[in-house]
């Protein structure tokens, strides 16, 4: 079942697969009681990621998704995880739910290393961070989930809206959403116009492929459908290029996370890119140490870095920044630990060691020059 099929179901029918999932994973009823489910199935379904995950009762990947959550909650049961994460795991939007799952997964990762965990401890000025870990030295963890640039998020929302409106059309055409400039508030009118054009084209038995345009929306009928109805078979992402935008965005999140950490302690900031397509580990390193560029120094072309989040006397409560994604197939799978050479409390590699962990440090090359070394 996909999100568009789910959106077409009446409330009672949408509830049936959810109940099957809850029957197969009864511990989930501690999070999702009968009244919550009754209200959940009535929510608008194109952005109801939680409902979609609960409705996929016969999908092995989704069932493994739920079992991992249950395992993490059980592992951290003595730390009060079932209570602490109760409300967080009721978010229906994907971004909010994925952010909560990353918090849970990171705390469980540390607990599996036989480290004591405290969930949501007080830090400073009546603030709290995600958790603290009884490592040596003790570490305090703040997790920031980050997504792509705003215009890319908006493009994705527009594509989803267009796809839902073109999920099934009377004409047996396979459609492709081409690179478009339509805004979200113009989608309904644009799709209506495109549907009219498609209807006229089909009635007149026009040739395929054929492109239809309205209000910045560009849709191509690429060929006939083998089904008795037409549908949007593919969306085409635009070609994007940028310079330092992502490094700057990550640097801002690192700075904001520092406010949650205690003074003169070993603070860990996790940049979670599970919800991002375009942000990679190199962007996190650039955010910490500055963006790399070429410059002429002493008649020689050399690689230099601009200002980053790590500077003397600044953000010293951050001992390390970790890049993390929960997608195991990602090129950046595993943890990337980026150590702050100016931290009040420095961490040995052993504090966050593991076969899936890469450690990046600034090392001296002599003559006041430095390089980044990853092991």
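Which condition number does residue 43 fail, the rest of (1) within 19 Å of residue 98 (Cα to Cα); (2) touching a helix residue (DSSP H, G or I) at 6+ places or on another chain (Cβ under 8 Å); (3) modelled with pLDDT of 95 or more being met?
Every condition holds for residue 43 apart from (3).
If I go through segment 131-151 residue by residue, how many of them are closer than 26 Å to residue 98 by Cα and surrounded by fewer than 16 Cβ atoms within 10 Å (Cβ to Cβ)?
The qualifying residues number 3.
Strands (runs of 3 or more DSSP E) wholly in segment 69-147 with at least 2 residues that are under 21 Å from the mean Cα position of the chain (by Cα) and at pLDDT 95 or above - which ones?
Once the strands (runs of 3 or more DSSP E) in segment 69-147 are filtered for at least 2 residues that are under 21 Å from the mean Cα position of the chain (by Cα) and at pLDDT 95 or above, what remains is 139-145.
Name the pairs: first residue in segment 267-279 and more than 12 Å from residue 324 (Cβ to Cβ), second residue part of a loop (DSSP other than H, G, I, E, B) and at pLDDT below 90, Cβ to Cβ under 7 Å, at least 6 apart or on different chains?
277/148; 278/148
If residue 322 satisfies every condition in (1) modelled with pLDDT under 90; (2) assigned to a strand (DSSP E or B) but one, which is the exception?
(1)
Within segment 186-225, how many residues are farther than 13 Å from residue 165 by Cα and assigned to a strand (DSSP E or B)?
Here the count works out to 11.
Among the residues of segment 216-246 satisfying the criterion of being under 21 Å from residue 150 (Cα atoms) and modelled with pLDDT of 90 or more, which is surrounded by the most Cβ atoms within 10 Å (Cβ to Cβ)? Show your work before the answer.
First pass over segment 216-246, keeping only residues under 21 Å from residue 150 (Cα atoms): 216-217, 235-246.
So of that shortlist, the ones also modelled with pLDDT of 90 or more come out as 216-217.
On the way: 216: 13, 217: 23.
So, considering only residues that are under 21 Å from residue 150 (Cα atoms) and modelled with pLDDT of 90 or more, the one surrounded by the most Cβ atoms within 10 Å (Cβ to Cβ) is 217.
The values are calculated or read from the model by the stated rules, or taken from the named source; none is laboratory data. Treat the numbers as computed from the prediction; the structure is a model and nothing was measured. Because the Cβ atoms are built from the backbone with ideal geometry, glycine has one as well, and the counts that use them run over all protein chains shown.
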